[in-house]
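Presented below is the structure to which this report refers.
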Amino acid sequence: MKKNLYRSNKNKIVGGVIGGLAEYFNVDVALLRLIWILILVFTGFFPGIVAYILAMIVIPKDLN
């Protein structure tokens, strides 16, 4: 069965990007959120925020 990457509807705080990645890679969403926060802090916020916004545009929303 082929898996597709979608933004999550059930693990959603802002846009569902991190929740969708967690579902796709079958990892804990809290772990990915913690990693994402660390990336934001250590890259100076701007690159991480731009990457998140681009991911919200590129990754389709889950319709289920």
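Read-outs: derived from the displayed coordinates by stated rules, not from any lab. Given the structure is predicted, the values throughout are model-derived calculations rather than measurements. Ideal geometry is used to build each Cβ from the backbone, glycine not excepted, and the neighbour counts take in all protein chains shown.
Select from the chain those chymotrypsin sites (Phe, Trp or Tyr not before Pro) which occupy a DSSP coil region and have at most 14 other Cβ atoms within 10 Å, ordered by residue number.
Numbers: sites: Y6, Y24, F25, W36, F42, F45, Y52; in loops: Y6, F45.
Taking the chain and a limit of 14 other Cβ atoms within 10 Å, the loop chymotrypsin sites (Phe, Trp or Tyr not before Pro) found are F45.
Assuming R0 = 35 Å, what is the FRET efficiency of L34 and M1, from their Cβ-Cβ distance, to the nearest 0.05?
Computed FRET efficiency for L34 and M1: 0.75.
What order do you get for V17, V27 when you list them from fewest to most C-beta neighbours inside 10 Å?
V27, V17
With runs of 4+ DSSP H residues as the only contributors, calculate the mean residue ellipticity of the chain at 222 nm using -39,500 (n - 2.57) per run, divided by the residue total and rounded to the nearest 500.
Numbers: 3 runs with 37 residues, N = 64.
One gets -18000 deg cm²/dmol as the mean residue ellipticity at 222 nm.
Relative to the Cα centre, what is the charge dipole magnitude of the chain, using +1 at the beta carbon of each Lys and Arg, -1 at the beta carbon of each Asp and Glu, and rounding to the nearest 20 debye?
In total the dipole reaches around 160 debye.
For the stretch 1-40, what D do you get in µm² per second when you plug the Kirkwood radius from alpha-carbon pairs into Stokes-Einstein at 25 °C and 0.890 mPa s?
For these conditions, the coefficient is 241 µm²/s.
Helix 29-43: angle to the longest alpha-carbon principal axis of the chain, degrees 0 to 90, nearest 10?
30
What does the net charge come to around K12 if you take all other residues with beta carbon closer than 12 Å to its beta carbon, with K and R at +1 and D and E at -1?
Numbers: positive: R7, K10, R33, K61; negative: E23, D62.
Residues near K12 contribute +2 overall.
Given the alpha-carbon gyration tensor of the stretch 17-58, what are the semi-axes of its equivalent ellipsoid in whole angstrom, ordered largest first, with each equal to the square root of 5 times an eigenvalue?
18, 14, 5
Hey, rough spin-label estimate for T43 and M56, points 7 angstrom out along Cα→Cβ, what's it come to in nanometres?
1.6
Within 10 Å of each candidate Cβ there may be at most 11 other Cβ atoms; applying that plus a DSSP loop requirement, which trypsin sites (Lys or Arg not before Pro) in the chain survive? Write down the numbers at each step before the final one.
Working: sites: K2, K3, R7, K10, K12, R33, K61; in loops: K2, K3, K10, K12.
Of the trypsin sites (Lys or Arg not before Pro), the ones in loops of the chain whose Cβ has at most 11 other Cβ atoms within 10 Å are K2, K3, K10.
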